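Here is the structure we will look at.
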Amino acid sequence: MIASHSGPEAARLLGDALLKMQILDGAVQAYQFAAECAQEPERSDLLAQAAFVALDANRSPAEPEQIKQYVAALAASSVIIHLQRAAEILLGDPRNPLVLSVLQKLRKLQPNDNYVRLTLLRLAREHCDYAILKEEEPLLRAELLAGQTDCLAEEPPHSSIMWEEDEALNRLAASIGSITPITPQMQAQRRNQPHQWGDKIRIGYLSCDLWDDHATMRLFRSVLTAHDPAKFDVTLFCYTPEKLLGFDLGGRKDWGNIISIEAMNDDEAASSIRAKNIDILVDLKGHTRGTRSQLMNRPLAPVHVQWLGFPGTCIEVDCDYAIGDRFVLPASSAPHYHEKFCRLPECYQPNDPIHRPLPLAAKRTALGLPADRVIIAAFNAQKKNSLTTMALWAEVLKANPKALLWLMIDGNHARQSTAAHFKTLGIKQSQLLFAPKMAYAGHLARVQAADFAIDTFPCNGHTTTSDMLWAGLPVITKRGGNFAARVSESLLNAMGLNDLVADDDASFVELASALVQNPQKLADLKAHLNEQRFQSPLFDSERFCRHLERAYDMMIERAKARQAPDHFDVPVLPARQGSFHSLRAQSAS
């Protein structure tokens, strides 16, 4: 124990000495005693030092409540190493609001640390902290405009598309971990290695999202099961964590051959994939959370493809083709991709019309919504509510003061920050309604209570937009500058609703106002969606699968002929006559 007559400085020096001798428990006690006798800010720094050492002193993992106390002490410090340790822990739980204050402190103490800067911006978007965004984002844009782009090496690609639609800048977002850079030699070795072709085309899908309540499978599920077994042999290489497989409701049993590589290291996983002699390996993840796209940088198949997971080029991932369509991958985007374009004829996004819930509309009264106001739904992920988006939404609300904006935002801090930012844009709280996240079927029921939905920019709704259209809710968007900003345009065109795509900001406000002021137009749009749900290409999974299979045929034709990958468009099939509702009816029976 520390003698009671020892002063704080003596106790601190004793703690330093004990720490140097690796007597960690004693050092913790010394720093704690020093803190009891000290004044602020020294007291907070000493408590943080005690917590810092205690984290190393624990012989077994600390209890969650103890970790919480340690992190709070570290976060209150003004010492860089304490804040760095707090950030390291908090980044494992980015929903914790402490993470922003810690990163803000580090930002001031390390103004040239671009990792801290860009991580702060990324998490500010997730927490809807517009005060941080208003301070930091203009500075970053000014640097980029001046050609100072080195900082983007610390930005993850998925973070880049949340706020920037310049494809040249998106490509510079290079924080992708330790993936081995691809080289022409690497690609040539893979494409030219001996390969035994079979009677069927062997497709491998690589993902960690293979459970039936994940957004990927809400889109892909019935396309996957529609593959023609006479022509295609399909294998799913699954690295879905066991805890997520527990949420699966039984869909996996219908998906055919699934090989789990979740517990394998990369060498073992690569061997497992090669053992199946796959012709085309399709990465469904790209630069998204939990990815193992680094496996694509091994010679696993003659043809490597990226599709569906990441809306953009997957830098340093060895893929021959990116699957898209003429909207998300126009010819003007080609210089910004190392992949060649495989463009499907109607839409790049698959959709499941068989297993997707289609609940009855929830009543406004049950949701606490007014019956006499036009309600505009904004249900994309809150991190997509960029400064650009908020400014545009504010213009819509100012032009239509009787309209209400119904936003899906979780967390008191995020809601308060959103309302405060809208106030700076001239919008009162009385025009805002907040909705929590909820179970999928209930969500599809409640969205039908809105009059129409409004998109986010530059990163549109992707699965969310197709969810809205599936539920019969019109969505308005505008043309964008990269893949992520063009998705809603693609989906709307596939539903025959290209008139809901505005050319620019001014046209977007005009379009929204026209809908607010024309209830008959809204009724007609909803009727169109309900009539076309089982007729238009967007939700025709069987038709989509036939187009996808033709794309695979065309890739294999080039590979067998030893031709290098090149851009191509898949020819469109003759229009389907009548409804494909029977697909859903057959599944139900």
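The values are calculated or read from the model by the stated rules, or taken from the named source; none is laboratory data. Small disclaimer: the values here were computed from a predicted structure and weren't measured. Note: ideal-geometry Cβ built from the backbone for every residue, glycine included; neighbour counts use all protein chains shown.
Looking only at segment 17-39, decide whether some residue is under 38 Å from the mean Cα position of the chain (by Cα) and either assigned to a helix (DSSP H, G or I) or of a type outside the set (Gly, Ala, Ser) (or both). For segment 17-39, residues under 38 Å from the mean Cα position of the chain (by Cα) and either assigned to a helix (DSSP H, G or I) or of a type outside the set (Gly, Ala, Ser) (or both): absent. Of the residues GLY309, GLY290, GLY324, which is within 19 Å of the chain's Cα centre (by Cα) and on the phi > 0 side of the Ramachandran plot? Of the residues listed, the single one that is within 19 Å of the chain's Cα centre (by Cα) and on the phi > 0 side of the Ramachandran plot is GLY290.
For the residues ALA527, ALA494, ALA561, the requirement of being loosely packed, with under 14 Cβ neighbours inside 10 Å, on the phi < 0 side of the Ramachandran plot, of a type in the set (Gly, Ala, Ser) and outside the structural domain of GLN306 (by TED's automatic domain parsing) singles out ALA527. Residue selection: GLU42 fails the criterion of being of a type in the set (Asp, Glu) and modelled with pLDDT of 95 or more.
Table: residues versus (1) over 25 Å from THR424 (Cβ atoms); (2) surrounded by 22 or more Cβ atoms within 10 Å (Cβ to Cβ).
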{"residue": "LEU55", "(1), (2)": "yes, no"}
{"residue": "ALA76", "(1), (2)": "yes, yes"}
{"residue": "VAL79", "(1), (2)": "yes, no"}
{"residue": "HIS82", "(1), (2)": "yes, yes"}
{"residue": "ASN96", "(1), (2)": "yes, no"}
{"residue": "LEU100", "(1), (2)": "no, no"}
{"residue": "GLU137", "(1), (2)": "no, no"}
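Does segment 180-203 contain any residue that is under 26 Å from ILE354 (Cα atoms), under 26 Å from the mean Cα position of the chain (by Cα) and either in a strand (DSSP E or B) or not basic (Lys, Arg) (or both)? Scanning segment 180-203 turns up at least one residue that is under 26 Å from ILE354 (Cα atoms), under 26 Å from the mean Cα position of the chain (by Cα) and either in a strand (DSSP E or B) or not basic (Lys, Arg) (or both).
Evaluating SER78 against the criteria (1) polar (S, T, N, Q); (2) over 26 Å from ARG415 (Cβ atoms); (3) in a helix (DSSP H, G or I) leaves one unmet condition, (3). Please tell me if ARG252 is outside any helix (DSSP H, G or I), farther than 23 Å from ASP540 by Cβ, among the basic types (Lys, Arg) and out of contact with any Gly (no Cβ under 8 Å at 6 or more places or on another chain). No; evaluated as a whole, the condition is false for this residue.
With respect to being within 23 Å of ARG356 (Cα to Cα), in contact with a helix residue (DSSP H, G or I) (Cβ under 6 Å, 6 or more places away or on another chain) and of a type in the set (Asp, Glu), ASP212 fits the description.
Does segment 117-126 include one or more residues that are touching a residue at least 40 places away in the same chain (Cβ under 8 Å), among the hydroxyl-bearing types (Ser, Thr, Tyr) and either in contact with a strand residue (DSSP E or B) (Cβ under 8 Å, 6 or more places away or on another chain) or buried (at least 18 other Cβ atoms within 10 Å of the Cβ) (or both)? Within segment 117-126, none of the residues are touching a residue at least 40 places away in the same chain (Cβ under 8 Å), among the hydroxyl-bearing types (Ser, Thr, Tyr) and either in contact with a strand residue (DSSP E or B) (Cβ under 8 Å, 6 or more places away or on another chain) or buried (at least 18 other Cβ atoms within 10 Å of the Cβ) (or both). Whenever a residue of segment 515-537 is among the aromatic types (Phe, Trp, Tyr), its partners that are in a helix (DSSP H, G or I) and modelled with pLDDT under 95, lying with C-beta atoms within less than 7 angstrom and at least six residues away or across chains, give the pairs PHE534/HIS581. Checking every residue in segment 315-323 against the condition of being in the same structural domain as PHE568 (by TED's automatic domain parsing), assigned to a loop (DSSP other than H, G, I, E, B) and over 17 Å from GLN189 (Cα atoms) gives at least one match. For segment 141-159, indicate whether the set of residues that are more than 17 Å from the chain's Cα centre (by Cα), outside any loop (DSSP other than H, G, I, E, B), among the hydroxyl-bearing types (Ser, Thr, Tyr) and at pLDDT 95 or above is non-empty. No: segment 141-159 contains no residue that is more than 17 Å from the chain's Cα centre (by Cα), outside any loop (DSSP other than H, G, I, E, B), among the hydroxyl-bearing types (Ser, Thr, Tyr) and at pLDDT 95 or above.
Scanning segment 202-255 for residues that are within 22 Å of ASP266 (Cβ to Cβ) and of a type in the set (D, E, K, R), we see that the one that is surrounded by the most Cβ atoms within 10 Å (Cβ to Cβ) is ASP209. The set of residues in segment 405-430 being of a type outside the set (Phe, Trp, Tyr), crowded, with 20+ Cβ neighbours inside 10 Å and over 21 Å from the mean Cα position of the chain (by Cα) consists of LEU405, SER417, HIS421, ILE427. Scan segment 88-105 for residues that are free of Cβ contacts under 8 Å to residues at least 24 places away in the same chain and in a helix (DSSP H, G or I) and report the count. Qualifying residue count for the region: 4. A single entry from PHE508, PHE568, PHE539, PHE534 fulfils the requirement of being of a type in the set (A, V, I, L, M, F, W, C), surrounded by fewer than 17 Cβ atoms within 10 Å (Cβ to Cβ) and within 30 Å of the chain's Cα centre (by Cα): PHE568. For ASP233, the conditions (1) in contact with a strand residue (DSSP E or B) (Cβ under 7 Å, 6 or more places away or on another chain); (2) in a loop (DSSP other than H, G, I, E, B); (3) farther than 30 Å from ARG122 by Cβ are fulfilled apart from (2).
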